[in-house]
Amino acid sequence: MAWLSENGILVGLALLDGLSYAAAVFMVAVGLNLVFGVLRVLNVAHGSLYAIGGYAAASIGLFAASLGAPPWLGLPILLAAAVLVGVALGPLIERLLLRRMQDREPVLQLLVTFALFMILEDLQKLVWGVQPVVFDAPLKWLGTVDVPFGQDAIPFTAYQLYVLPGVALATLAILAYVLRYTLTGRMVVAVTVDREAARAMGIDAAKVTMLTFTVGAVLAALGGALAAPTVSLVPGVGASTIVLSFAVVATAGLGQIEGAAVAALLIGLGRSFAVYVAPEFEVVVPYAIMVAVLLFRPQGLFGVAETRRI
């Protein structure tokens, strides 16, 4: 019975960890997917926006704490830092770089966005150095809760249990509503489906593109800001996140918003169970899931095969 109880707790921890991890990855992947749907550009530098969002949130939070700010203020600081980073960098990157790359070869687009990623990585080291940056005030302030699981109770941080999944679900619901039931969302969908036809209908495709990229940048920065209380921010955190986000996007299907949530959950749970069952396969499992899906569904779980224009 003790063995059964111990393994039950491990399963519960794996489920909870996988849920919170999937929520953080989803924030980045859904922004990446949204941007690709409109621009048709896989933005490697998206991972840098995640890292900068985390660093900015931690820096502002630590500065506020040094001034004696109450711990609860850490939560709105995370949101404000993400919006600040996304609104400041999103339009700048889209206007000066990605707009010029929009009709170029995909290989050139990847090379240019990778170059931008490397520049932003060095910029992070220049501003924040190479020492770990930690801001865990929101995590400590919310404390832990006992999650019932079978006959046992699993202690888990309230921040990872409620805040991360809650923000991810709210983001998914808002995006789904906006894209389906608002005029702005319909314009985004129109530009995604056929940019030339959308222009012929009087839609300002350039403004829609900039708005979409800015929203994607805010989501990436928000993912980093929300992850800041749970991890130590170090150089390279953006690289690992963008690679995993690519796996989520490929598994879901390019341009799929709801699919990104399912794929993030699948990959997050797979990685979490690997950590507890076979830690040596932690890095492999997310990509093994992606490969398994693509072998049977080359367009992803929710992707639709498209005919190419000639």
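Worth pointing out:
- Residue match in the stretch 26-38 (condition: under 15 Å from the mean Cα position of the chain (by Cα), open to solvent by 10 Å² or more (accessible area, probe 1.4 Å) and at pLDDT below 90): yes
- Of all residues in the stretch 43-81 being open to solvent by less than 50 Å² (accessible area, probe 1.4 Å) and either of a type in the set (Phe, Trp, Tyr) or part of a loop (DSSP other than H, G, I, E, B) (or both), the one that is farthest from Thr212 (Cα to Cα): Ala69
- Residue within the stretch 179-192 that is of a type in the set (Phe, Trp, Tyr) and either free of Cβ contacts under 8 Å to residues at least 12 places away in the same chain or assigned to a loop (DSSP other than H, G, I, E, B) (or both) present: yes
- Some residue of the stretch 209-217 being without any contact (Cβ under 8 Å) to a residue 40 or more places away in the chain, loosely packed, with under 14 Cβ neighbours inside 10 Å and in a helix (DSSP H, G or I): no
- Lone qualifier among Val234, Val285 - being open to solvent by 30 Å² or more (accessible area, probe 1.4 Å), out of contact with any helix residue (DSSP H, G or I) (no Cβ under 8 Å at 6 or more places or on another chain) and either modelled with pLDDT of 90 or more or hydrophobic (A, V, I, L, M, F, W, C) (or both): Val234
- The lone criterion from (1) surrounded by 15 or more Cβ atoms within 10 Å (Cβ to Cβ); (2) within 26 Å of Leu75 (Cα to Cα); (3) in contact (Cβ under 8 Å) with a residue 12 or more places away in the chain left unmet by Val130 is number (1).
The values are calculated or read from the model by the stated rules, or taken from the named source; none is laboratory data. Model, not experiment: these values are computed from the prediction. Glycine gets a Cβ as well: all are built from the backbone with ideal geometry, and neighbour counts include every protein chain shown. We work out accessible area using only protein heavy atoms, side chains counted, and drop any ligands, DNA or RNA first. Shrake-Rupley method; radii C 1.70, N 1.55, O 1.52, S 1.80 Å.
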